[in-house]
Amino acid sequence: MGCLRRLVSLGLSCCFWAAAEAFCHQVPNMTVEADFTAEGSYEFRINLDPRVFLSRNPAALAPLDAPWLLEQSDEQRQHTFQQGETLLNQQLRLMLGGQLEPWPKMDWRPLDGATGTLMHEETEEVHLLATLRGQVPAGVGDFALEYAKEAQVSLILLIRTPDAPDPRVQVMFPGERSRPVPVRSKVNPPPMPISAEIARQTMNPIQRWGGWAALGLSIIGLLLGLRCKTKR
């Protein structure tokens, strides 16, 4: 009986410490900050925990520390960034005016997940920051983000616009689409002045025939005048 109690106690202790260890590990997620300007430009900053693309069960992995990335060669590091870019292209869809917009070029840098600053040698939790910049197409009225249903973690979306400088926060789960937010599109350039030659070429047929008729009547009048002078 005493042996059974010791086994039960040992099993409970193992479960307790396993749960405690899992709880201490920050649950991986994704954060997207979307800033839109009055001139129609935008900037996205996507904070990505690399565990999201390294495992189909990211929460089962412990956070990755600085040596994980520092010990990679330049080629290996570029491959790591490419893995992150592939995942973002597969799981996040940028919608502008209800239309799918391709993601601009992504610039990557490693972060300290605890402080949000650049990674250093003592970093215990490495995150990757993707920065993207682009222009809202002319005529577009709103922005929304679609999150693929095959994603494994939750997503926090923060949106800033000139009309709402304080971030609007939305929490998204796989398979969801964010609430549309009005954004400003790029300003169309002023129309170029039309030269006299272009204006002449673009005259409608009635205007052109009217011009020729007036010229013809002027020539006829001139000829008649010359004829009358000749007779005299």
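Derivation of every value follows stated rules applied to the coordinates shown; laboratory data play no part. Just so it is clear, the structure is predicted and the values come from calculations on it, not from any experiment. Methodologically, a virtual Cβ is constructed for each residue, glycine included, from the backbone with ideal geometry; neighbour enumeration extends over all protein chains shown.
Quick notes on this structure:
- For the pair LYS149 and ARG133, the difference between a 0.36 nm per residue extended length and the Cα-Cα distance amounts to 3.2 nm.
- Options GLN82, VAL136, THR117, ranked by Cα towards positive dipole end of region 25-182, top entry (Cβ charges): VAL136
- Amide H to amide H, with H built 1.01 Å from N, THR31 comes under 5 Å of ASN47, ILE156, counting only residues 5 or more places away or on other chains.
- Equivalent ellipsoid, region 25-182 (semi-axes from 5 times Cα gyration tensor eigenvalues, Å): 28, 16, 15
- Chain lengthening between LEU70 and GLU124 when straightened (0.36 nm per residue, less Cα-Cα): 18.2 nm
- Over region 25-182, Cα pairs under 8 Å with separation of 6+ residues give a relative contact order of 30 percent.
- For region 71-160, a crude dipole built from +1 on the beta carbon of Lys and Arg and -1 on the beta carbon of Asp and Glu, taken about the Cα centre, is about 560 debye to the nearest 20.
- Beyond 14 Å, the tail of the calculated P(r) for region 72-129 holds 64 percent of the Cα pairs.
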